[in-house]
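A short write-up of the structure that comes next.
Values in this text are rule-based calculations from the coordinates and carry no lab data. None of the values given here were measured: they were computed from a predicted structure. Methodologically, a virtual Cβ is constructed for each residue, glycine included, from the backbone with ideal geometry; neighbour enumeration extends over all protein chains shown.
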Amino acid sequence: MTKTEKLLRELIALPSVNPAFLPANDPNSGEKRVAEFLAAIAARSGLDAEFRQVQPTRANLIASYRPTTKAKRRIILAPHMDTVGAPGAVFTPQLKGNRLYGRGACDTKGSVAAMLSALIEVIASRDRPRQTEVVFAGLIDEESLQAGSRALAASKFKADLAIVGEPTRCKVVTAHKGAVWLKLETQGKAAHAARPELGVNAAYEMARICTLLETEYTSRLGRTKHPLLGHGTINVGAIHAGQQPNIVPDRCTALIDRRTLPGETNASIIRELRTLFGAHGLSAAFSKIHPYPCPALETDPANPLVRQFMTFTRRRTPGAVNFFSDAAVLAAGGIPSVLFGPGDIAQAHTRDEWIELSQLEQAKGFLVRFLQSLE
Ligand SMILES: [Zn+2]
């Protein structure tokens, strides 16, 4: 068994389900056990390990390799330590053929194991970088509100490149969409259903808005294409109006999810929709649902470090994915960020999550060669 596989097995056996998905005080909740376990390994291997507290019982792990001469650049390896929960989650690693099963195997303990193993191997080798600081950042809370990456970005932690661990099948990913969640509310006037003409039905107004979103707005979104991400999308996810059949509802709410392209923001989406509704004589009040912005990720594939990393992954072109990640948060904080990791997102969050061991070893190998190529 390789060191990377052994580490991954140990990580799966330490549950670190995001507390957002479990009742308070559930024994499987929180990243603390994993963070402490990794910190001990990092310290034994010669890394400077420290915890940076984010919430009362939750801390990011920052484990740094510092060269003896002054560092000219800093690279961050940033996988998240939390997992989703889901009933029946398996915390005992099980090998079947080339697949290792268990919660977090691919999302994203596989990346944790590959990244930390790679860093430890590199600093023990003759080819360790002499002028590059490499930081392993085990982040908390990616699966919920990204408190870990938000805290790291807010602390003004700077780096020349962050490689954020997510299952990308060892492809370097430079772009993903963002998400804007909004609540729309239309106002009407209540009346008895026997005299509906005396009221204004807020549900009818919302129905016209939904039709507009499905037709004109959707075709408009289809006309703006990003080379890697395609076009933005809109979904009406929930609608609620009224209490009973015999009252004209005076209020209707809808929850919408708009997947965004780089450059689009909460404010720009609200502006765009307001103008569209206004042009059709419709109106709605808008409120935000997300407590934080979730912008799209777009990192320049021509960035020299991104290109250098890509050459070691045997691919010439960067990839794009359709899920949100810590990379967008770090990028918004000024750190050029890409996604990279072993495994396939198709197995993430599933009941029988697994990772191919060949992916795990490949990811570690690519990282080792990239880190050894740095000055
Ligand atoms: Zn993940």
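Points worth noting:
- Summed side-chain charge close to Asp141 - residues other than Asp141 whose Cβ falls under 11 Å, Lys, Arg +1, Asp, Glu -1: -3
- Charged neighbours of Lys70, selected by a Cβ distance under 13 Å, balance to +3 (K, R count +1; D, E count -1).
- Between region 185-232 and region 88-138, the Cα center-to-center distance that results, in Å: 47
- For the chain, relative contact order (Cα pairs under 8 Å, six or more residues apart, normalised by length) works out to 24 percent.
- Förster-model FRET efficiency, 56 Å R0, Glu36 and Ala190, C-beta, rounded to 0.05: 0.45
- In this simple spin-label approximation, Ala207 and Lys225 carry label points 7 Å from Cα along the Cα→Cβ vector, and these lie 3.6 nm apart.
- Sequence-separation-based contact order of region 208-324, relative, with Cα cut under 8 Å and 6+ spacing, percent: 21
- Full-stretch length increase - Ile239, Gln94 - with 0.36 nm per residue and alpha-carbon distance subtracted: 47.9 nm
- Point-to-point label distance, Ala267-Lys6, nm (Cα→Cβ direction, 7 Å offset): 5.4
- Efficiency of FRET from Cβ geometry, Thr317 and Lys72, R₀ 22 Å, rounded to 0.05: 0.20
- Overall size of the chain from C-alpha positions, given as principal axis extents largest first: 84, 44, 39 Å.
- Hits among lysines - C-alpha to C-alpha of Lys109 under 23 Å, sequence gap 8 or more where chains match: Lys3, Lys6, Lys32, Lys96, Lys171, Lys364
- Segments 11-18, 204-211 sorted - mean Cβ within 10 Å per residue, highest first: 11-18, 204-211
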